[in-house]
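The next block holds one structure in the form of structure tokens; read it before the comments.
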Amino acid sequence: MQTQLEQAIEAISQVVLGKKHQIKLALTCLLAKGHLLIEDLPGMGKTSLSQAIASTIGLEFNRVQFTSDLMPADIIGISIFDNTSKEFAFHKGPLFSQMLLADEINRASPKTQSALLEAMEEHQVSVDGTTWPLPNPFFVIATQNPLHQSGTYPLPESQLDRFFMRIQLGYPDWQSERQMLMELTSHSTMPPKTIIDTTQFLDIQSQIPKINTSAAVIDYILRLVTFSRESEEFPNPLSPRASKAILLAAKAWAFLSSRDYVIPEDVQAVLPSVAEHRLRSSFSSANAADNLSNKLMESVDTLAA
Amino acid sequence: MMLKLGSWWNRRLERWLNNRIPDDRRFQMNMSNVFIFPSKFGIAFCLLCGLLFILGTNYRNNLMLLLAYFLLAIFLVTLLNSYANFARLKVQLGKVKPAYAGSECALPLWLGENDKKAIAALNCHGRLHFRLWQQPVQRSIESEQYSNPVVILVETRRRGYFIPPRITIESYYPIGLFRCWTHLRFKAQILVYPNPIPCDLRTESLTTTDEDGAQLSTSIGNTDFDSLKPYTPGESLNRVAWKLVAKGQEMMTKQFADANHAAIWLDLKNYLTDDLELAISQLTWLAIDLSQRQACFGLRLGQTEVTPDTGNSHLETCLEKLSLYSPNGQAKAEYQP
Amino acid sequence: MKRTANTAHLILSINLLLLTLTLFEPIMFWVSILVLVSVLIRIALFLEWHKHLPKTSTINLLALLSALVLAYTGWHLGLLLSMVNLLVMSGALKLMMMRKVRDFLILALVQIFIIGCGFIFNQGIFYALIYVSQLFIILLSLSFHVSPSGAIHKQSKRIGLLMLQAFPIAVLLFLVLPQIGPLWKMPGNNGAKTGISDTITPGDFAQLSMSDDLVFRAAFESDIPDKQALYWRTLVYEAFDGKSWSVSRHRAREKERMEAGNYNYSPGLYGASLQYDVIMEPSHQNWLYTLDIPRSDTEQTWFSHDYQLQSRILVTSKFKYSVRSFTEMPLNFTPYYTDTNINLMLPQRYNPETQSWVAALRARYPDDQAFIEVVEAFFVREKFSYTLKPRAMLLNPVDEFLFQYQAGFCSHYASAYAYIMRLAGIPARLVGGYQGGEARENNYISVYQYDAHAWVEIYLPDRGWIRKDPTALVSPERISLGLESAVAHENSFLEDSPMSLAKLKSIAIFNRLRLLMADVDFFWSSWVLGFDQQRQFTLFKMLAGKLTTGRVVAISLATLTLICALLLLFNYRVWLPKIENRHLHLYNQALKTLSRHGLNRLPQEGPDSFQSRIHGRISEQCAEDFRHITKLFIFHEYAPSSETNPDRLPELKIAVNSFKRRYRFSIK
């Protein structure tokens, strides 16, 4: 199965060039059944990445562009009164898909945002007293523009940790961008083929929690979260939910690295994506120098003394 | 006279302590910062040893003598046990949340190991008593059952930066013969916000827009339902009021209120009377109140200005400025006993 | 009051009860009841049957009442016993009103002090063990006071360790700190005088012969003399009132004068002698046990004109003294007139029959020697028998004994014999003491209360005082074999104590057990209870040879150093932390080797990333070796252990050790 996953990563990186690490992180997030937040400037390939992932894993994909006038009903769906049958019929919104790309989530009003976040948390929606389950698997990949532009509503701090991971894509390197430009002139980019089907993917997902974690790794994670709680440098300490997420992500990462046990390097690989948005109080753009999760890692020894 | 002597002695003691145990964020107990002396009970215990020795000698009773020596040996062994136990203690000051003047500020102390060993439990046994410098014991924790952090409350009086007083930690482990203690002062500047005093919003201070205070509530929430208008084809079906359709009415479209970015300015000069502190306190209350109602407001304190905004971090910035404001420039940190 | 805080209180309460039990003899019954009630109150509080302490006023009233009763009864108890009772009583009252931390701590100290007092009354090895466990309980209670929610097994372990650590230090202090003599006289124990008393009424000793309590042990330097020679002089009785013999008032006054004047009777002694140490049980009397004629250089002893060795203070705890006895010296040094004056005094009343019989006999045998022979022949000829169950002889004891019943105990014979001699004008007196003893192979003998004996000394002007034992005439086996065989015919030996081990002598295993216990007790008595200045000097001499000031100082310094070293050793974990993870320890050693060459693992680096980072910077072989170590470490530390991943600590150990050796100096 690991080979299939590797193939998938390979296939996706044909579409999003030079971003193998981010692709792996995105897959880690999906394997850990988490929702992903991609934060970057427009035109960095956020949408392509989501699309590519969706088609590789064979997920039903929907994309919603968030705007300020987007209403909760626009994503969830609405009960429309049918004049002929004289009754309400629920018209499912774009939310009812296996993978939803919520583009520029911070453009929508807080009301719409929280409708989405609530659905993400509960894996179901209630409209007019009826509960509608969401499909399984169900992923949300949200993107957001880090610049604090007028007319945007940054996600509230308290709801940021609904996202399992936050990643940034960043500019591609010289080589990759060059290759991208070359390919653009030669042939049009096609969405990649499906490599893993949904049942296989669900099977893989169920194996993630079985990855072994030794006491040494758990202690390392505990040292990390405890340090964030004790030290003055971290305004928002990591919650127990965060430590759970770190462990789960590290497990998924170990699985992607073809290992059946977790080593500290796995934790370190996922920590910036899992913990950074939880450590930061507001959505001030995170530059590398001011990276809190790196600071956390540097302060904590991987080995017990 | 006695009072004077007492305060002179305290000053000397404090100076000596400042040299001996300099301020720090975290402390590991060691020779230089741990004090150990027999407790009252320990002294009584020693006297008992002496009494038994005299009795044993006079009665020519070797067992009594042995008992006296045995007690003395226990005394000696506990001296080292007591110290070795207390020296395992590590204390670190955690994040201190700003407090309002006049209320109590919580100092969270994290005990035990954190960076090197993953030991959540305290290595130091027995009960630990916490108190502020020359105050009665405030908290007692036991190593077998405690959870980090241990919160010590300190009374704050004035706004501004506040350096917390020395905290005394003491232990009588293992059998109460010795008192091991330390006086720690943590290197921390705690921000004390002014004490909020309720007052009315001065209407003339709403400078940037023509709206007055009464309209504050409508400016909040920009996606609230506002009104209905007849449906024109092409509009989103999602906005049709279907419940009205079901009642047989014609199709109407819901209208939503737009965002209202009216900013309120809180300016010190509008509140200033003879009492600067009162004005600052009132501004504090207003800032908190406006922030709770999610209003957009700005703050002007003489030269200092905070541009209008909403949210918690904005409120924090405003409160910090209010705490540190002084008409002639710089505010300084100070001890508050 | 919190329930958790009560654990400490409960432990201390129960301990008070146990302490009282160990002191059941000196403590009055009503005080014990008071203790029991107070402990019950505590237990009720602990189990939350009852929520409130008794009112302070109630307790004050109770305290007042108790104090009054104690003052009344304590009048005849004597100071020491009253003090102990007062201590226990106040402990019980304190327990009833224990509210504050202070009360608790005071009670703990009081209990430790009671333990100390307990050693006045009980000094056996068994009691010592009991008191050590009581001390353990008190310390445990204190430990619960300091850390109320600790698990009991942890706290017990802690206190046990503490006591184990304190023990060698206490022993060192005991051996080395100077043993100084008593600083002042302490109140004695009026109530518990044991052994021979200062008055003998014939028949009295029968009481003593019912007891198998140990009186003293004597350890001889040479072989133990024959039993017949072992007459342990204890007290000399020189006044006779017709019924009882007692210490002469005249003699007592003389002794007081001598003691006050610090005058020690020291006759010139020479000839064959026996050297021995006596370890006596507390008798709460002054007199000591010796063979004639003793000389002792033990502190606090003195010797009087009646050849009696005495202690200057009451023997309230086991007391050890060494004696050299010159067994062949005649007792003829004392001034004639005093001894004869006292020892010819006769009561006018009582025993008319004897008086006339002696007068007649004396008329026929005016020669002293001949008279004595006739009297002794009378004892042998008549059908006198030795018994522990003599008839009561009330009116004219000697008459009734000599001519009516003719059966009696040693004191009957001695009393009659001495009376006859006095009637005949020969100075005679009664000597009380012990005769014989039970010998053990290692040169010591034990003397029990049932070895009590009385014999007679008569004064012959040319020979001085001569020992005469009429009992030996009647029952020679009493002297040669001991009491048990002497009364074998009537089965009266230790009749009232069926469980006594001494009585089970005939059963081999019990006898061996009894003798073993005696050996242990002898060791305990001579080395612990009898450890004194002399023994301390011997020990020092053994350690340092000749005792010069320098050497004594050296011994003291060495002891001090030893104590400090012990104290540091007990806390060795402080500077020698325990290795909790051996794999990690080994891996760190490999890291240390690398860091000699400037390759340091950053704290945030995992083992794998460190290994790959330094890969290019060290030689191929070294990198390979380190990769192997890292792999082993990672497998142990992070991978689950299973059959495919067994613990490979030995392999890691070998790898790390060879890595350390090989790359100590170069990694290139």
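No value in this document is a laboratory result; all are computed from the given coordinates. Treat the numbers as computed from the prediction; the structure is a model and nothing was measured. Quick reminder, even Gly has a Cβ in these numbers, built from the backbone with ideal geometry, and neighbours come from all protein chains shown.
With 18 Å as the limit, write out which pairs from A:33/A:251; B:90/B:187; B:97/B:269 have Cα-Cα distances beyond it, or answer none. Numbers along the way, then the final one.
Numbers: A:33/A:251 12 Å; B:90/B:187 15 Å; B:97/B:269 29 Å.
Violating the 18 Å Cα-Cα cut-off are B:97/B:269.
Report D for chain A in µm² per second (integer): Stokes-Einstein, Kirkwood Rh on Cα pairs, 25 °C, 0.890 mPa s. Present the calculation step by step, with values, prior to reporting the outcome.
Working: Rh = 20.4 Å.
Reported coefficient: 120 µm²/s.
Among the aspartates and glutamates, which have Cα under 19 Å from the Cα of residue C:51 when same-chain residues fewer than 8 positions away are ignored?
The reachable aspartates and glutamates, counting only those whose Cα sits under 19 Å from residue C:51, are C:103.
I need the shape label for the range C:3-150. Rule: rounded when a/c is under 1.5, else prolate if a/b > b/c, else oblate, with a, b, c from the alpha carbon gyration tensor.
Values: a/c = 2.16, a/b = 1.17, b/c = 1.85.
Oblate shape, in that a/c is at least 1.5 and b/c is the bigger or equal ratio.
Sorting B:140, A:97, B:281, B:147 on the 10 Å Cβ count, fewest up front, what's the list? Please report the intermediate quantities before stating the final value.
Values: B:140 14, A:97 21, B:281 24, B:147 8.
With the sparsest Cβ surroundings first, the list reads B:147, B:140, A:97, B:281.
What's the ranking of B:305-316, C:79-90 by average number of surrounding C-beta atoms within 10 Å, highest first? Can you show the working numbers first?
Details: B:305-316: 15.7, C:79-90: 20.2.
Per-residue Cβ counts within 10 Å, averaged per peptide and sorted highest first, yield C:79-90, B:305-316.
Would you mind ranking B:79, C:21, C:394 so that the residue whose beta carbon has the fewest other beta carbons within 10 Å leads the list?
C:394, C:21, B:79
Hey, which lysines would be in cross-link range of residue B:247, C-alpha to C-alpha under 19 Å, not counting anything within fewer than 8 residues on its own chain?
Output for residue B:247: A:86, B:229.
Work out the FRET efficiency for residue A:87 and residue A:67 from their Cβ-Cβ distance, taking R0 = 25 Å, and round it to the nearest 0.05. If you can, show how the numbers build up before the last one.
Values: r = 31 Å, r/R0 = 1.25.
That pair, residue A:87 with residue A:67, gives E of 0.20.
What share of Cα pairs, in percent, lie more than 25 angstrom apart in the range B:17-192? Let's see the in-between values first.
Details: 6572 of 15400 pairs.
When all Cα pairs of the range B:17-192 are counted, 43 percent exceed 25 Å.
Fewest to most neighbouring Cβ within 10 Å: what's the order for C:548, A:28, B:168? If you can, show how the numbers build up before the last one.
Numbers: C:548 10, A:28 30, B:168 19.
Going from least to most buried by this count: C:548, B:168, A:28.
Using the Kyte-Doolittle scale, find the helices of chain C whose mean hydropathy is at least 0.5 and whose Cα atoms extend 18 Å or more along the helix's long axis, counting only whole DSSP H runs.
Numbers: long enough: C:3-22 (28 Å, 1.04); C:29-46 (26 Å, 2.55); C:56-77 (31 Å, 1.26); C:79-96 (25 Å, 1.84); C:101-121 (31 Å, 2.17); C:125-146 (32 Å, 2.00); C:152-176 (36 Å, 1.22); C:352-364 (19 Å, -0.51); C:368-381 (19 Å, 0.76); C:410-423 (20 Å, 0.35); C:508-523 (22 Å, 0.91); C:549-570 (32 Å, 2.13); C:582-595 (19 Å, -0.54); C:620-637 (25 Å, -0.42); C:649-662 (19 Å, -0.38).
Going by DSSP H runs, the hits are C:3-22, C:29-46, C:56-77, C:79-96, C:101-121, C:125-146, C:152-176, C:368-381, C:508-523, C:549-570.
Just report the Cα centroid separation between the range C:520-539 and the range C:580-641, whole Å.
Going from one Cα centre to the other spans 62 Å.
The range A:253-268 to the range C:26-101: how many Å between their Cα centroids?
What the calculation gives is 70 Å, centre to centre.
Over the Cα atoms of the protein assembly as shown, what is the Rg over Rh ratio if Rh follows Kirkwood?
Numbers: Rg = 49.1 Å, Rh = 41.1 Å.
For the protein assembly as shown, the value is 1.19.
Using each residue's phi in the range A:80-92, evaluate 6.51 cos²θ - 1.76 cosθ + 1.60 at θ = phi - 60° and report the 3J(HN,Hα) Karplus result to the nearest Hz, with x for Gly and Pro.
9, 7, 8, 5, 6, 8, 6, 8, 7, 10, 7, 9, 5
Mind checking which lysines have their Cα closer than 30 Å to the Cα of residue C:320? Skip sequence neighbours fewer than 8 apart in that chain.
Filter leaves C:185, C:193, C:227, C:255, C:468, C:503, C:505, C:541, C:546.
List the pairs from A:111/A:210; A:24/C:653; C:154/C:578; C:243/C:389; A:92/B:243; A:244/C:592 whose alpha-carbon separation is above 26 Å, in the order I gave them. Don't jump to the answer; show the numbers that get you there.
On the way: A:111/A:210 38 Å; A:24/C:653 37 Å; C:154/C:578 19 Å; C:243/C:389 18 Å; A:92/B:243 17 Å; A:244/C:592 34 Å.
Where the Cα-Cα span goes over 26 Å, the pairs concerned are A:111/A:210; A:24/C:653; A:244/C:592.
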